[in-house]
Ligand code: AMP
């Protein structure tokens, strides 16, 4: 099994695919969005700044994200396989990750681009729910991903919530940021022969099969 890096626009399914791989193959799921959502509720000055940036749809500073990521990777150690969900989001982060992988002696990884168009990603965003406790994601308009009981997490019974950045206005900024900052990361990994593109608008079984073939 290879380490996996997901690069994709918001709501393309990075979290859902990561959770699938985690439960089926025991991957460690490292989501910089989740790390930041944990950091934003600490109540100190830094957490207030993180919360304001996330709610405006902007990207949190590279240094802040890197520190959280480094701590998490150090905690996991190099023997376990991981999925990076949400990092890198710009070329500088991709270069930083190269250095980090170099230091940790990691070369066995694949970058999976989950391709989705603006309209589909917006629709998913507006109907997305998450469990604040176990972080599982749901979609109330999808037969595949709606919870068994409305508004309740199937796995831990917690009431589901809408993410504070899952609204139309913030989504547009996030998508725009993706186009401006993150799309270039795809070429970076294409040049390294690490990139695989998967159509994220297929049914989930097809997406999962495609992913399993490349990991
Ligand atoms: P996500 O859960 O991946 O959709 O991320 C939610 C938000 O967290 C993003 O809109 C950014 O504000 C922030 N974020 C997550 N990952 C990064 C990153 N690698 N660099 C900067 N900001 C990030």
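Out of 182, 125, 201, one residue alone is touching a residue at least 60 places away in the same chain (Cβ under 8 Å), within 24 Å of residue 88 (Cα to Cα) and over 16 Å from the mean Cα position of the chain (by Cα). It is 201. Going through (1) within 16 Å of the ligand (Cβ to nearest atom); (2) surrounded by fewer than 19 Cβ atoms within 10 Å (Cβ to Cβ) one by one, residue 143 falls short only on (1). A residue that is surrounded by 13 or more Cβ atoms within 10 Å (Cβ to Cβ), within 17 Å of the chain's Cα centre (by Cα), near the ligand (Cβ under 9 Å from one of its atoms) and within 24 Å of residue 25 (Cα to Cα) occurs somewhere in the range 69-77.
Checking the structure you have, find out if any residue of the range 102-109 is under 17 Å from the mean Cα position of the chain (by Cα), on the phi < 0 side of the Ramachandran plot and away from the ligand (no atom under 12 Å from the Cβ). Scanning the range 102-109 turns up at least one residue that is under 17 Å from the mean Cα position of the chain (by Cα), on the phi < 0 side of the Ramachandran plot and away from the ligand (no atom under 12 Å from the Cβ). Exactly one residue among 150, 187, 154, 166 is free of Cβ contacts under 8 Å to residues at least 12 places away in the same chain and in contact with a strand residue (DSSP E or B) (Cβ under 9 Å, 6 or more places away or on another chain), and that residue is 187.
For the subset of the range 22-68 comprising residues that are within 8 Å of the ligand (Cβ to nearest atom) and outside any helix (DSSP H, G or I), which member is surrounded by the fewest Cβ atoms within 10 Å (Cβ to Cβ)? Step by step, filter the range 22-68, then rank; the result is 61.
Read the figures in this text as sums done on the coordinates, not as results from a lab. Computed from a predicted model, the values in this text were never measured in an experiment. FYI the Cβ positions are ideal-geometry reconstructions off the backbone, even for glycines, and counts take in every protein chain you see.
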